[in-house]
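The values are calculated or read from the model by the stated rules, or taken from the named source; none is laboratory data. Source: prediction; values computed, not measured. Because the Cβ atoms are built from the backbone with ideal geometry, glycine has one as well, and the counts that use them run over all protein chains shown. Heads up: the accessible areas ignore ligands, DNA and RNA and are worked out on the full protein's heavy atoms, side chains in. Shrake-Rupley method; radii C 1.70, N 1.55, O 1.52, S 1.80 Å.
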Amino acid sequence: MSYVQFIPKPPVIDGGDPGVFVQGTHTPATLVEQSGVWIHSAGSAMLQQQNYRLYTCDKWLWMIVDDGAATFTCKEEEFDLTKGECVVIPPSMDGCGLKNAKDTRVLWLTIEGPLSAEFLRQMNALSDVPAKQGTLPSQVLLSRQIVQVLVRHTGTGDASYQLGQLLWGLLAAHSGQSVAMSATLSHEIARVVDTLRACQYRDAFSLADMAAISRMPVETFRKRFSAELGIPPLAYLQFLKMERAKTLLRGGLNVKQTGVEIGMPDPYHFSKQFKHVVGMSPTAYLKHVGGNGKD
C-alpha cells in the first residue's frame, strides 16, 4: 500500500462524508536515494467523521495534527493529540485509529531508505510501538511544505532535492540548530538558541536570562523569539530539554541521572514534565525504545 488511508468507522454523521484527502508519492533522484533516507509519500486529510480506522503502510509514518485535536488509538493504548503534536508509527502497524477527530486536519509523511530507522533514531522517534513525538512550529511548517511540494510533483523526482532539503530541515530543527519560521534567525535570537544548545539544555535559563543574552528588554525579546521561531522561549527550552532527555535515557542513564543532566534534579518533576511532552513516562519510553536506563 503506497498511501495512508483514513476509513470512517460507524456511526457516520453528516451524510457519511469521509473528508478531504490530498496525497502523493515521490520517486527519489539518484543522489537523494544514495543518501540512504528520503520521503516516500505525504499528504493531508481534513477529517469530517468522529472515528476512523487508520491503515498505515510498510514505511515509517510521521503524522501531525495541523489543526483541531484527536485521540490516537492503537489496540489497547490511546493518547490525545492537539494542534502541533505528532505521532510516529512503525511500519506495517495494525489496529491504529483516530477518535473524536471531526474537523481535524492532519499532515502525514512516510520515510523510506536503508537509513530511515537511523534518521528516526536521531529524531528520538524510533520505537517499536506508536509514540507521541514533540514538534516545533518550524517542523510543522516544514511538514506543510513537504506535503505541498510532493503533491504538486507526485510520482516524479522533479522536486527530489527540495524534498531532501526539507527532510533534513526537520532533523536540523530537532537538534536545536537555527531553523526559523522564515529559514533564518536574527543575530540576537540565534545567539540565545546557540547558547542553549552549547550547554546541552542542562541549565535552567529564565526568560530574563535569555533576554540578557539577546541584549534586549524581556518583553521585546519574548515577542521577537516567538515571532521568529513560532514558539515562546520557555516552551522551546522545555521541548529541547525533553528531546535531550530521550537521548540520555536511550544512552543508558537512569531517570534520576537524566533529570539532573537536563536541570531537573527532582525525579517526580522530571517524570511529570516528560510524560506531558512525550505522552508516556520515562520508564515506559525506555521500554518501547529498548534503552538501558533504569529507575
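Per-structure values
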item	result
Test: residue in the stretch 115-138 that is open to solvent by less than 40 Å² (accessible area, probe 1.4 Å), among the aromatic types (Phe, Trp, Tyr) and part of a strand (DSSP E or B)	no
Val151, sole failed condition from (1) open to solvent by 30 Å² or more (accessible area, probe 1.4 Å); (2) more than 19 Å from Thr25 (Cα to Cα); (3) touching a strand residue (DSSP E or B) at 6+ places or on another chain (Cβ under 9 Å)	(2)
Conditions (1) touching a helix residue (DSSP H, G or I) at 6+ places or on another chain (Cβ under 7 Å); (2) open to solvent by less than 20 Å² (accessible area, probe 1.4 Å); (3) more than 24 Å from Asp158 (Cβ to Cβ); number of the one not met by Gln48	(2)
Failed condition for Phe221, given (1) within 20 Å of the chain's Cα centre (by Cα); (2) over 30 Å from Thr71 (Cα atoms); (3) not aliphatic (A, V, I, L, M)	(1)
Options His174, His187: the member that is within 23 Å of the chain's Cα centre (by Cα) and modelled with pLDDT of 80 or more	His174
Flag for Val218 being of a type in the set (A, V, I, L, M, F, W, C) and touching a residue at least 40 places away in the same chain (Cβ under 8 Å)	no
The listed residue being open to solvent by less than 30 Å² (accessible area, probe 1.4 Å), at pLDDT below 90, touching a helix residue (DSSP H, G or I) at 6+ places or on another chain (Cβ under 9 Å) and of a type in the set (Phe, Trp, Tyr), out of Phe225, Phe221, Phe239	Phe239
Residue in the stretch 67-74 that is buried (at least 17 other Cβ atoms within 10 Å of the Cβ), of a type in the set (A, V, I, L, M) and closer than 30 Å to Ala284 by Cα present	yes
Flag if Val255 is under 27 Å from Leu81 (Cβ atoms) and touching an Asp or Glu at 6+ places or on another chain (Cβ under 7 Å)	yes
Failed criterion for Pro265 (all others in (1) over 18 Å from the mean Cα position of the chain (by Cα); (2) open to solvent by less than 30 Å² (accessible area, probe 1.4 Å) hold)	(2)
Hits in the stretch 200-212 (condition: closer than 26 Å to Val140 by Cβ and either under 19 Å from the mean Cα position of the chain (by Cα) or open to solvent by less than 50 Å² (accessible area, probe 1.4 Å) (or both))	Tyr201, Phe205, Leu207, Met210, Ala211
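So that you can scan it fast, the table gives a plain yes or no per residue for (1) in a strand (DSSP E or B); (2) open to solvent by 70 Å² or more (accessible area, probe 1.4 Å); (3) among the charged types (D, E, K, R); (4) touching a Pro at 6+ places or on another chain (Cβ under 6 Å):
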site: Pro10; (1), (2), (3), (4): no, yes, no, no
site: Phe21; (1), (2), (3), (4): yes, yes, no, no
site: Thr25; (1), (2), (3), (4): yes, no, no, no
site: Gly36; (1), (2), (3), (4): no, no, no, yes
